[in-house]
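*Asks:* Have a look at this one before I ask anything.
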Amino acid sequence: MANKTILAFTAVCLLFACKSAPSYSKVNPLTNCAVDFKCSETLHKNASLEFKMAEYGNATATIVEQQESLVVELTKDKIVEKGIQDANYREHFLIQLADPKKTVGVSAVQKFVFGKFCYCKGEAGYFEVTDFEVSYTSNGKVGRYVITYSVPNSKIQKQKIEFELR
């Protein structure tokens, strides 16, 4: 009888001692949205990024369904007066992270795609970002990512984007 009680007590203690991996349901951008921009954020669960080069050097980035990863989507749209041609400007960040139940932190970033859309010849389109550094902190419930990145073949060098997953 004493052995069964000790075994049951040990099992309950182990159950409460094990920390479960975070299960994020919301993204919170920490990079400030400038006054003349409208910013939005979306967390796509069970999703991944497909980055493809198309004809004439154009690239496409698509979010597709896939288990065991998620995609953070952050967008900055410049607010412009109606009727002004060629004044639109948009930045689109797509960051694929591994499933937080399996991998968290710096090694969780699997893909990073940056999109710039404007009337800026030679600078518009999607670009796969391969030059980036990730800093990660967590308190167990909130994971904070700070990514410093440079976009290849562009003027965008050593920029920073920050977000939290809750």
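The values are calculated or read from the model by the stated rules, or taken from the named source; none is laboratory data. Predicted model, so just to flag it, every value in this text is computed and none were measured. Reconstructed Cβ throughout: ideal geometry from the backbone, glycine too, with neighbour counts over all protein chains shown. For the accessible areas, the whole protein counts, side chains as well, though only heavy atoms, and no ligand, DNA or RNA atoms are used. Shrake-Rupley method; radii C 1.70, N 1.55, O 1.52, S 1.80 Å.
This table checks each residue for (1) in a loop (DSSP other than H, G, I, E, B); (2) in contact with a His (Cβ under 7 Å, 6 or more places away or on another chain); (3) over 28 Å from Val35 (Cα atoms).
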site	(1), (2), (3)
Ala61	no, no, no
Gln67	no, no, yes
Leu70	no, yes, yes
Lys82	yes, no, no
Gln85	yes, no, no
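*Asks:* Continuing with the same structure: Can you say whether Lys52 is assigned to a strand (DSSP E or B) and loosely packed, with under 13 Cβ neighbours inside 10 Å, as far as the supplied structure shows?
*Replies:* yes
*Asks:* Within segment 87-133, work out how many residues are farther than 21 Å from Lys38 by Cβ, outside any loop (DSSP other than H, G, I, E, B) and open to solvent by 30 Å² or more (accessible area, probe 1.4 Å).
*Replies:* Number of matching residues: 9.
*Asks:* Separate question: Identify, please: which residue in segment 143-166 is open to solvent by 30 Å² or more (accessible area, probe 1.4 Å) and assigned to a loop (DSSP other than H, G, I, E, B) and is, among those, nearest to Gln96 (Cα to Cα)?
*Replies:* Arg166
*Asks:* Select from segment 63-79 the residues that are more than 13 Å from the chain's Cα centre (by Cα) and modelled with pLDDT of 90 or more and write down the one among them that is surrounded by the fewest Cβ atoms within 10 Å (Cβ to Cβ).
*Replies:* In this case the residue turns out to be Glu65.
*Asks:* Then there is this: Give the residues of segment 72-103 that are among the basic types (Lys, Arg) and more than 14 Å from Leu165 (Cα to Cα), sorted by residue number.
*Replies:* Within segment 72-103, Lys76, Lys78, Lys82, Arg90, Lys102 meet the criteria.
*Asks:* So, one more: If you check every pair at least six apart or on different chains, which have Cβ atoms under 7 Å apart with a residue in segment 65-77 that is within 10 Å of Phe93 (Cβ to Cβ) first and a residue that is among the hydroxyl-bearing types (Ser, Thr, Tyr) and open to solvent by 10 Å² or more (accessible area, probe 1.4 Å) second?
*Replies:* Pairs found: Glu73/Thr42; Thr75/Ser40.
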